[in-house]
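The values are calculated or read from the model by the stated rules, or taken from the named source; none is laboratory data. Here the structure is a predicted model, which means the values were calculated and not measured. For neighbour counting, all protein chains shown are included, and Cβ atoms are generated from backbone atoms with ideal geometry for every residue, glycine included.
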Amino acid sequence: MTEIVSFDCIFALTFTNLILMITTRMNTSIFLKLSTLIITFASLSLSIHSQGLEAYFSHGAYQIPNKEPYVEVYFTFAGRSISWQNDQGFKKSNLEITLALWKDTTLISVSKEILNHKIEDDSLANRKNLTYLQRMEATEGTLRLQVVLDDLNDTIKPIETGALIDVHFPVDSTCISSVMAVENISPTKVPNKLSKSGYDLTPSVFNFFPTNVNKFNFYAEIYPGNKLKKNQSYLLIYYLKNHESNRLLPNYKSFKRMKAADVNILLNSFDISNLASGNFDFVIEARDSLNQLLTTQYYFFHRENGNVKMEVTDVASVNVANSFVEKYTKKDSLALILRSMNPISSDNEKEFVKNIIATGDLYVMQQYLLHFWEQRDLANPESPFRAYMNEVAIAEKNYKTRIQHGFETDRGRVYLQYGPPNTISQNYNEPSAYPYEIWHYYNLKNQRNRRFVFYNSDLASNTFVLLHSDAIGEPNNLQWRYHLRMRDTGYDSIDDTGENQNDWGSRYNEWYNEPR
């Protein structure tokens, strides 16, 4: 019998590189448009009426000392989407889960299990969501996970999808495993698949925390390796920072002194009841006794908190006298400047700017402008402001359209949020594709080799829409190639990504896989 955990509440979300929603047939869904699998980094489904299997998954990489690393894959199946079978007065699931882990063309490990779960009360069938965990042997490198999900109680064909997983634990370096967001924690009584370091940890596949969730539980393993001697002291520092601005949140920072062992663990939590809405990075740093950084690990999540709003009183104490903001005395010009800061602002800051612009209070707008940049550089706020406005001018010149300022466009927003890409492949005349650009960043907020695909589907303007990115926190569309080709060919399958196909004269796979 496959080990599972059932629980009653699920949030229907999908997240870039971390969570994938898989569906076979849906009546209405904010996740799927034109029968494509679109992953968004923070989308809350208010209403889903599904007629097919609906599943969510995430994954993590871990290491057993002196052995090969392993990968964990976590699934949650929405009970309302499962075809429950009558079985002697019970409702029974019959889900087949097939996983294969590849390195290039070599099969590393494979797993195939049937998830059978019985429910006594028929009324619970649509509310019981099933969680499944599988551990798979792995190896160093970038691995490709193949996933096939099949509800054997229905006639709908299996769903096939996958993910890329980076596994890198060199013994000559201190390393940190993937960060696991934890749904439930309890001491281990009988070792099982959920057991880690003496605890049973129910992983959460969602990196979304709504208003009614007030605690962020996290688990990670630290592998000191040969970099630290056994019992040598080192320090773990862990904190939250704003994803857009990289600004540290002083109320969400802690540390733990460690003695090096084969494996050290970090199992703790942050109270996020007062954390405002926005995108955040949870960061773990390991530092030696000389405070030198040994390694860092990150976990991205989105917080939606309707109980915390930025108020005018938050900036009311700011004195703008003799500051650079005094020269901005026209409301329209100042409002445009404030709006241009959206690409590097949190959700809460964006909402605040929208409100103070609507009130038209010039002095409050000046106060906020100074407050915003003092948060970036208290000693000299004008310096980062001037540097940013120079970038806004570049975005305006290169990416504005007839109806949008440069900072309002997708290309302008990405440029202002992340800086200029290392390479841009511009392809405007391929026979089967809409005009498109592929931007490539060598390093992007502690991520490597990240890409952004923009395309222009109306052909009559300079409006390039962000179609796909593999960067954390960005829209990720597994079928971006099909969208690109819909100018001439369209597509039929909701499962195939098209990555192994090319149209005559098209080079989007080449530019994407080998940017230049």
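Remarks
- Any chance Asn153 is part of a loop (DSSP other than H, G, I, E, B), surrounded by fewer than 17 Cβ atoms within 10 Å (Cβ to Cβ) and either small (Gly, Ala, Ser) or at positive phi (or both): no
- A single entry from Asn66, Asn86 fulfils the requirement of being within 25 Å of Ser173 (Cα to Cα), outside the structural domain of Tyr299 (by TED's automatic domain parsing), surrounded by fewer than 20 Cβ atoms within 10 Å (Cβ to Cβ) and among the polar types (S, T, N, Q): Asn66.
- Among the residues of the stretch 259-284, the ones that are touching a Pro at 6+ places or on another chain (Cβ under 9 Å) and outside any loop (DSSP other than H, G, I, E, B) come to 1 in all.
- Given (1) part of a loop (DSSP other than H, G, I, E, B); (2) of a type in the set (A, V, I, L, M); (3) crowded, with 19+ Cβ neighbours inside 10 Å, index of the condition Ala395 fails: (1)
- One residue stands out in the stretch 398-426 among those that are among the hydrophobic types (A, V, I, L, M, F, W, C) and not in a helix (DSSP H, G or I): the one that is surrounded by the fewest Cβ atoms within 10 Å (Cβ to Cβ), namely Ile403.
- Looking only at the stretch 264-276, and only at residues there that are touching a strand residue (DSSP E or B) at 6+ places or on another chain (Cβ under 6 Å) and surrounded by 15 or more Cβ atoms within 10 Å (Cβ to Cβ), the one that is farthest from Ile472 (Cα to Cα): Asn264
- Scanning the stretch 434-481 for residues that are of a type in the set (Gly, Ala, Ser) and without any contact (Cβ under 8 Å) to a residue 40 or more places away in the chain, we see that the one that is surrounded by the fewest Cβ atoms within 10 Å (Cβ to Cβ) is Ala460.
- Residue check for Ile222: assigned by TED's automatic domain parsing to the domain that holds Gly278 and crowded, with 21+ Cβ neighbours inside 10 Å: yes
- Just one residue in the set Ile356, Ile337, Ile344 is modelled with pLDDT of 95 or more and β-branched (Val, Ile, Thr); that residue is Ile337.
- Evaluation of Ser195 against (1) touching a Ser or Thr at 6+ places or on another chain (Cβ under 8 Å); (2) buried (at least 20 other Cβ atoms within 10 Å of the Cβ); (3) closer than 16 Å to Ile64 by Cα (one fails), failing number: (2)
- If the condition is being within 23 Å of Leu145 (Cβ to Cβ) and in contact with an Asp or Glu (Cβ under 8 Å, 6 or more places away or on another chain), then the stretch 75-92 contributes Phe77, Ala78, Ser81, Ile82.
- Pick from the stretch 468-494, criterion part of a loop (DSSP other than H, G, I, E, B) and within 21 Å of the chain's Cα centre (by Cα), ranking: modelled with the lowest pLDDT: Leu478
- Residue match in the stretch 185-193 (condition: of a type in the set (Ser, Thr, Tyr) and either assigned to a loop (DSSP other than H, G, I, E, B) or in contact with a Lys or Arg (Cβ under 9 Å, 6 or more places away or on another chain) (or both)): yes
- Considering residues of the stretch 378-392 that are assigned to a helix (DSSP H, G or I) and in contact (Cβ under 8 Å) with a residue 24 or more places away in the chain only, the residue nearest to Leu459 (Cα to Cα): Val392
- Leu236 meets all of the listed conditions (1) surrounded by fewer than 19 Cβ atoms within 10 Å (Cβ to Cβ); (2) touching a Lys or Arg at 6+ places or on another chain (Cβ under 6 Å); (3) in a strand (DSSP E or B) but one, namely (1).
- For the stretch 333-341, the condition of being of a type in the set (Lys, Arg) and within 22 Å of Lys445 (Cα to Cα) holds for none of the residues.
Matching residues to (1) among the aliphatic types (A, V, I, L, M); (2) at pLDDT 90 or above; (3) over 24 Å from Leu478 (Cα atoms):
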position: His117; (1), (2), (3): no, no, yes
position: Ser123; (1), (2), (3): no, no, yes
position: Asp150; (1), (2), (3): no, yes, no
position: Leu164; (1), (2), (3): yes, no, no
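- Helices (runs of 4 or more DSSP H) fully within the stretch 285-377 counting 3 or more residues that are among the charged types (D, E, K, R) and within 22 Å of Leu248 (Cα to Cα): 347-359
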